[in-house]
Each structure stands twice: as C-alpha cells, then as structure tokens.
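Note sheet for the following structure.
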Amino acid sequence: DAGVTQTPRHEVAEKGQTIILKCEPVSGHNDLFWYRQTKIQGLELLSYFRSKSLMEDGGAFKDRFKAEMLNSSFSTLKIQPTEPKDSAVYLCASSFGAETLYFGSGTRLTVL
Amino acid sequence: GQQVQQSPASLVLQEGENAELQCNFSSTATQLQWFYQRPGGSLVSLLYNPSGTKHTGRLTSTTVTKERRSSLHISSSQITDSGTYFCAMAQGTGSKLSFGKGAKLTVSP
C-alpha cells in the first residue's frame, strides 16, 4: 500500500500569494490531519478530518488557512495570503480510527 | 488544552549505551504514540502504547496512565538511532494528537 503522499515537496512563494498544498492519505484511512512544524513551535495542528467531516480547524489558524477534503482520498490546504511567518514544514497524516498515525514526507514552504 | 512535556530535550550517548526518554502529559491519555524523525525527514510511528508496556526490537515503551506518563527505552543505541523522538497523546477517541517538543538524541561512535 502507498503511504501518505504530499505534493509539492518544496514550495517558494512571495508574500501575499495563495498556495495550495496537496495530500493523499493512506487508502482506507478515515482520519486526516494537517500539521505545521517549526523549530520554535514544534508540531501544531491545523486541521483534522474524520470521514471527510472537519472535526477541528486549528483555532488560531482559521484566518488564512483553509483545509478541505473533497473526497476520502484527497485533501488540500490553502494558505491565503501567505506571510513570511508561514515558512515551515507542512505535514499531512492519516490513520484508521484511533490507531497508528502515518505521516507524509511533508511540504517545505518558504515565503519570501 | 492538552500539554505534553518531554525530557530530556536532548541527549548525547555513545554507541551501545541505553537511552531513556520521558513524556508527561496534563490529562488522561487514551491514545499515546512515540514517533521518530530523522533530520530533514518525516515522522515515523515507533510504538502505539496508551497503557502498559510494549516492545519492538530494541525499543520498550511503558505508559502509566494514572500517573500521566510514558517512557521510551532504547537499548544498545546505534548511530542510526540519532534523530528526534516525539511523544504524542490524545484524550478520548476522535481527538487530535498533541505533540511534545521532542527529544533530540545524538549517538556517537
């Protein structure tokens, strides 16, 4: 089985641009998570879907971050507009129920 | 919100020594996982252990739910064990995992 697939691996954006990150969870998994990882803040939850329904939207990230899950095998994370402080690694993860979480390789975003 | 504290923040060992990583959390955990991240890599689940003791290879995790703590023991450390180890917990099913800040392990020859 394929693991969690994230694209692109790297993204460079100018301040104010809109970027869309993509994630394909492990087939059959019904939970999908978006996390942001920085050295200072560590891992922060952005969004959490269960069976395509948004369970949590990450509170502080509501304004410019929007995650969607159009079907059970594909999710996007849109950041609009981007700011330099958004530079980080964005990780997508999936699981089946409350079991082991599988992470993708991440997208490294640099906002200039 | 849920707080997850890991200690030590960093650890340097010589190859062959054992490592003991600790995780304390502010609320009762129904989910508890340990993850490993190689520099520049993604997170890989090592053990899912919400209670009791579990082993896999050279890794042993012990979670004492009532005391809100978990540990990860790495025996006979190898250079390839170097990286960052994360503890993550959730309270209740259908809940998000909250991560600790990680413990950076460096194993030298």
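The values are calculated or read from the model by the stated rules, or taken from the named source; none is laboratory data. Source: prediction; values computed, not measured. Neighbour counts are summed over all protein chains in view; Cβ atoms, including those assigned to glycine, are modelled from backbone coordinates with ideal geometry.
Filtering region A:7-54 to residues that are touching a Lys or Arg at 6+ places or on another chain (Cβ under 6 Å), surrounded by 13 or more Cβ atoms within 10 Å (Cβ to Cβ) and within 18 Å of A:LEU112 (Cβ to Cβ) leaves only A:ILE20. A count restricted to region B:69-109 and to residues that are buried (at least 18 other Cβ atoms within 10 Å of the Cβ), more than 19 Å from B:SER10 (Cβ to Cβ) and in contact with a Cys (Cβ under 9 Å, 6 or more places away or on another chain) stands at 1. With respect to B:GLY100, is the statement that it is within 14 Å of another protein chain (Cβ to nearest Cβ), touching a Phe, Trp or Tyr at 6+ places or on another chain (Cβ under 7 Å) and in contact (Cβ under 8 Å) with a residue 40 or more places away in the chain true? When the stated conditions are applied, B:GLY100 passes them. The single residue among B:THR62, B:THR80 that is at pLDDT 90 or above, touching a strand residue (DSSP E or B) at 6+ places or on another chain (Cβ under 7 Å) and either polar (S, T, N, Q) or outside any strand (DSSP E or B) (or both) turns out to be B:THR62.
Strands (runs of 3 or more DSSP E) fully within region A:1-87 that include at least 1 residues being closer than 30 Å to B:GLN5 by Cα and within 11 Å of chain B (Cβ to nearest Cβ): A:5-7, A:31-38, A:42-50, A:53-56. Residues being touching a helix residue (DSSP H, G or I) at 6+ places or on another chain (Cβ under 8 Å), more than 14 Å from chain B (Cβ to nearest Cβ) and in a loop (DSSP other than H, G, I, E, B) are represented in region A:103-112 by at least one member.
Residue selection: B:LEU13 fails the criterion of being touching a strand residue (DSSP E or B) at 6+ places or on another chain (Cβ under 9 Å), under 20 Å from A:GLY42 (Cβ atoms) and in a strand (DSSP E or B). In this structure, is B:SER76 over 27 Å from A:LEU54 (Cα atoms) and free of Cβ contacts under 8 Å to residues at least 60 places away in the same chain? Considered against the rule, which asks whether it is over 27 Å from A:LEU54 (Cα atoms) and free of Cβ contacts under 8 Å to residues at least 60 places away in the same chain, B:SER76 comes out as no. How many of the residues in region A:91-102 are part of a strand (DSSP E or B) and either surrounded by fewer than 19 Cβ atoms within 10 Å (Cβ to Cβ) or within 11 Å of chain B (Cβ to nearest Cβ) (or both)? The number of residues fulfilling the criteria is 5.
Among the residues here, A:PHE33 qualifies as closer than 28 Å to B:LYS104 by Cβ, at pLDDT below 95 and hydrophobic (A, V, I, L, M, F, W, C). Could you list, in sequence order, all residues of region A:16-44 that are within 20 Å of A:LYS66 (Cα to Cα) and among the aliphatic types (A, V, I, L, M)? A:ILE19, A:ILE20, A:LEU21, A:LEU32, A:LEU43, listed by residue number.
I'd like the full set of residues that are at pLDDT 95 or above and polar (S, T, N, Q), limited to region B:41-55. Selection gives B:THR53 alone.
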